[in-house]
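Single-structure report; data block below.
A short reminder: the numbers here are calculations on the coordinates, not readings from a lab. The model shown is predicted, which means the values in this text are computed figures rather than measured ones. Positions of Cβ are backbone-derived with ideal geometry, glycine not excepted, and every protein chain shown enters the neighbour counts.
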Amino acid sequence: MMVKEIVEQLRNGIIAGPDDLAGIGECINLIEALENEGIDPAAAEITKRVKELFRRIILEDSSDPDQDWAAVQRLIEGLGSQLLEGVTPPLVLTDLPAGGDAPLSIVDAADPCDRQEEGESMEIQDPELLKDFIEEAKEHLASIELNMITLEADPGDVGVINDIFRPFHSIKGVAGFLNLKQIHELAHEVENYLDQARSGKLFITNTAIDVVLSAVDVLKSLLMDLERPPGSPPETSPTQLKQLRERVKLIQQGEVEIVAAPPVDKLGEILVERGVVAPEVVDAALEQSRVSGTRLGEQLVKEGVVEPREVGSALREQRQMKENAAVVRIDTQKLDNLVDMVGELVIAQSMVINNPTIEMIKDQKLQKDSAQLRRITTELQRISMSMRMVPIKNTFQKMIRLVRDLSKKSGKEVTLEMKGEETEIDRNMVEEIYEPLVHMIRNALDHGIEMPAERVKAGKEARGTITLTAQQKGGNIVIEIQDDGRGLDAAKIREKAVKVGLVAPSDTIEEGALYQLIFEPGFSTKEVVTEVSGRGVGMDVVKKSIDRLRGKIDIATTAGKGSVFTFKLPLTMAIIDGMVIRVGKERYIVPTVALTESLRPLRESYVTVQGQGELINVRNCLMPLIRLHEIFGVEPRYRDPWDALVLVVGENNGAFCLLADEIVGRQEVVIKSLGESMRQVVGVSGGAILGDGKVALIVDVKGVVGLHEGNRK
Amino acid sequence: MAYKDMTVLVVDDFSTMRRIVRNILRELDFKDILEADDGSSAVEILKTQKVDLIVSDWNMPKMTGLDLLKFVRSNEPTKDLPFLMVTAEAQKENIVEAVKAKVSNYIIKPFTAVTLSEKLAKILPN
């Protein structure tokens, strides 16, 4: 809307009077619209004052409402002159809100509970009311206790803090009406602290948790006092109450200590040790909790065998234990060195055993001992690698909260499901995949999953699902992010790609390659910047991260049904699972993560096309043939693809066929860097020592494809 | 229209609170009082019944009082429905938000029948 139009609307006086809050609201919205349009400082000064005056009028915080109202009208008139006629109105002293921008001070001048008469009369009229309140308050307190357990495990969970804040707020509210002074004050204090905690101004500390739980206990006893016949001594002592309130005041001031999230295993042991519960009960509850997906602590409380209090304190003891536990801290560099060395050991051991001279010795004992040696070194390798592996569960778990927050913000209903979260991944990679996973989930939620109404219209359930799966396949770890949203729109992607200049209008692009384009920097089909996922800037960063990890991203999608993004990553950074191939006299290693299949093409499958070079027809898909012997400058055994072997690899721009003489075998190899001077070499990403002691170069598929494309042009 | 002929919808997730508000409304001569324990049930009621006044709490799970207000104001049949927001002293600052979303008026708990009566006089046609 134009400034002129807005001012006209303002001037036409749409507010009926200082009580017309809706009208005032309309006015404030218009003024903010004006500010967004961009106005000069003099006008901005006026709008600021008008907003301040409105605030006072609304909150009934003004010393002279009539004067303020008149001032507002004058200022709006003046605003009009300023913006439309460029005439700065003389700002009369009375137009200025006294005290500048002093924030509204919350003055609890009169304790609402001092209105004795009101409270009492309420009870008299409705004696059931008090009973009702006590019932409901007790339920609230029980739910607070349960939620506190969850909060202890994850003190940063705003959702849970909110779930604890609300019942305190509700209890406080009703206590106010019923003139229950002590309950009202205590609930109010705790509510204040929780309000700050939920907006991030204060942390949930160990002490705070204790204090809140104590407050729950005291509130319970205050409620019990209400149930007693009048005149009998109260259960709660005034000193107890006073001390508690002091403690609450302390936590409101904030502490420096931050709670670290405790793990939940062995909780049962602690409880059994304390004699709180029998071992069989714990076992049964453990079974049940696994089935129902709850935590052991929650399950035990649900069954009524243990007080939430006990669980909370057992959890804390456990945390203490963890801190003092027998762990060894080790320099990751040393660990990496150890793993490397063990890798070398495996190779050296293999070299000795496969030595032809040794092989010729037909001694049975030697055979047995060699076999034993091999077994031991393999196990040693497994153990050393496992020291570096961590379950991907932690990373996946962080996504639950993310999905919950994002779905709330976006108004979409989304559930996150996980499979295979015990799958282990090299700890060096865990950090690296966190960001890419977050981006992918944001994208799935923002661009993939539709709003509930749209989904229902399309015949889907209103609630969308994102599924995260992890599994080990071959020597790699495969992570899938699947959503049942609207899928990728090939036409739109193509259109954008042409617009951005990535693709010429006349180019034919295979579907798979088309989807890969979304990883190009600057590519985004969403015009609107959404708060949820930004401008889709994440995608090229995701690709870079996965590349850095020597992994691959695959995309599969069905319009209207959903998409699956697959990350294929090597199990660890130091060792790769590779296919050893021979080209001429040399051997090379192609990482299996990049490999789709290998085959010997038929003569008819070999095609040459004007302007495109040599191609191989693989199941009706034409793929460029890349002659590795040309790239690496070696004399091959076979030049005709139908005599040799072709390895199909997938890269950004599609699928390619690498020509090789033969496949020697599949092997896990320790990657050795070729040194600084060789780092610039394109097409080779490192070297490895094979079982016989000879060196094989590791093929950098992306680089080789790039070279081929470059040569072609 | 007299209070006794109006239909009021009271929204609060705490049943005792709803009861208290109901009692006060009865004091003021309201007879037809509907209740909802969260925003979505309130929305359901509004779809099927004619309501003359909404009294809603601010702090509710899933759909807050503000969310409900925004729905009411964006829904053609209810866009001018008198809406009274119940809030606590400590959350007073939120009121400006509600005003921008066109709330009719607000009231701070705990309140008396007298205060409620004054507020209602400002927002109900009489």
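When A:E450, A:E431 are sorted by how many other C-beta atoms sit within 10 angstrom of their C-beta, beginning with the fewest, the order is A:E431, A:E450.
Using 25 Å as the Cα-Cα cut-off, could you pick out the over-long pairs in A:K181/A:K220; A:K220/B:K31; A:K4/B:K122; A:K220/A:K409; B:K62/B:K119?
As for pairs spanning more than 25 Å Cα to Cα, those are A:K220/B:K31; A:K4/B:K122; A:K220/A:K409; B:K62/B:K119.
Annotation: amide H of A:M418 within the under-5 Å range of A:L468, sequence separation 5 or more or interchain, hydrogens built in the peptide plane.
For the stretch A:332-390, list log₁₀ I(q)/I(0) at each q in 0.24, 0.27, 0.30 Å⁻¹, using the Debye formula over Cα point scatterers of equal strength and ignoring solvent, two decimals each. Values, matching the q order: -0.91, -1.05, -1.18.
A crude spin-label estimate for the pair A:N355 and A:N36, with each label 7 Å from Cα along the Cβ direction, gives 7.9 nm.
With Cα atoms as the point set, the radius of gyration and Dmax of the stretch A:267-324 evaluate to 10.9, 32 Å. Helix A:128-153 axis versus longest C-alpha principal axis of chain A: approximately 30°, rounded to the nearest ten.
What dipole magnitude, in Debye to the nearest 20, does the stretch A:577-713 give about its Cα centre under +1 on Lys/Arg Cβ and -1 on Asp/Glu Cβ?
80
All C-alpha pair distances within the stretch A:631-713, sorted into 10 Å bins from zero, spread as 15, 43, 38, 5 percent across the bins. Evaluated at q = 0.15 Å⁻¹, the base-10 log of the normalised Debye intensity for the stretch A:575-712, with identical point scatterers placed on the Cα atoms, takes the values -0.69. In whole angstrom, chain A maps to an equivalent ellipsoid with semi-axes of 64, 41, 21, each derived as √(5λ) from the alpha carbon gyration tensor and ordered largest first.
If the chain linking A:A453 and A:E303 were pulled fully straight, counting 0.36 nm for each residue of separation and taking away their Cα-Cα distance, it would gain 50.1 nm. For the stretch A:392-570, what does the alpha-carbon gyration tensor say about shape, rounded, prolate or oblate, given a ≥ b ≥ c as the root eigenvalues, a/c under 1.5 as rounded, and a/b over b/c as prolate? It is oblate, given that a/c is not under 1.5 and a/b is not larger than b/c. Rounded to the nearest 5, the antiparallel percentage of DSSP beta bridges internal to the protein assembly as shown is 70%. Look at A:T508, A:T557, B:T112 and count the other Cβ atoms within 10 Å of each Cβ; fewest to most, that gives A:T508, B:T112, A:T557. When the Cα positions of A:I616, A:V704, A:A137 are compared along the charge dipole of the protein assembly as shown, A:I616 comes out farthest toward the positive end, with charges on each C-beta of Lys, Arg, Asp and Glu.
Taken as Cα centroids, the stretch A:167-183 and the stretch A:404-451 sit 41 Å apart, rounded to the nearest whole angstrom.
A cut-off of 5 Å between modelled amide H atoms, ignoring neighbours fewer than 5 places along the same chain, links A:L645 with A:A660. The distance from the alpha carbon centre of the stretch A:1-45 to that of the stretch A:597-658 is 69 Å, rounded to a whole number. For A:I626, the residues whose modelled amide H falls within less than 5 Å of its own, excluding neighbours fewer than 5 places apart on the same chain, are A:C657, A:L658, A:L659. Around the Cα centre of chain A, unit charges on the Cβ atoms of Lys, Arg, Asp and Glu (plus for the first two, minus for the last two) sum to a dipole of about 4120 debye. Dipole magnitude for the stretch A:267-324: about 260 debye, using +1 per Lys or Arg Cβ and -1 per Asp or Glu Cβ, origin at the Cα centre.
Computed from backbone phi, the HN-Hα couplings of the stretch A:197-204 come to 5, 6, 9, x, 7, 9, 8, 8 Hz, rounded to whole numbers (Karplus: 6.51 cos²θ - 1.76 cosθ + 1.60, θ = phi - 60°; Gly and Pro given as x). For A:K544, the aspartates and glutamates whose Cα falls under 16 Å of its own Cα, not counting residues fewer than eight places away in the same chain, are A:E431, A:E432, A:E435, A:E520, A:D554, A:E651, A:D700.
Fewest-first ordering of A:W642, B:W58 by other beta carbons within 10 Å of each residue's beta carbon gives A:W642, B:W58.
Expressed in nm², what is the orientationally averaged projection area of the convex hull enclosing the Cα positions of the stretch A:112-252? For the stretch A:112-252, averaging the hull's shadow over all directions gives 8.2 nm². In the protein assembly as shown, a dipole from Cβ-located charges (positive for Lys and Arg, negative for Asp and Glu) runs towards its positive end, and of B:Y3, A:I400, A:L602 it is A:L602 whose Cα lies farthest in that direction. Couplings 3J(HN,Hα) for the stretch A:461-472, derived from phi with the Karplus relation 6.51 cos²θ - 1.76 cosθ + 1.60 (θ = phi - 60°), are 6, 4, 8, x, 10, 10, 10, 9, 10, 10, 8, 8 Hz, where x marks Gly and Pro. Among the lysines, which have Cα under 16 Å from the Cα of A:K694 when same-chain residues fewer than 8 positions away are ignored? Filter leaves A:K585, A:K672. Evaluate E = 1/(1 + (r/R0)^6) for B:D67 and A:A16, where r is the Cβ-Cβ distance and R0 equals 25 Å; express this FRET efficiency to the nearest 0.05. Taking R0 as 25 Å, the efficiency between B:D67 and A:A16 is 0.40.
Distances between every pair of Cα atoms in the stretch B:3-123, grouped in 10 Å steps from 0 to the bin holding the largest one, split as 14, 52, 32, 2 percent.
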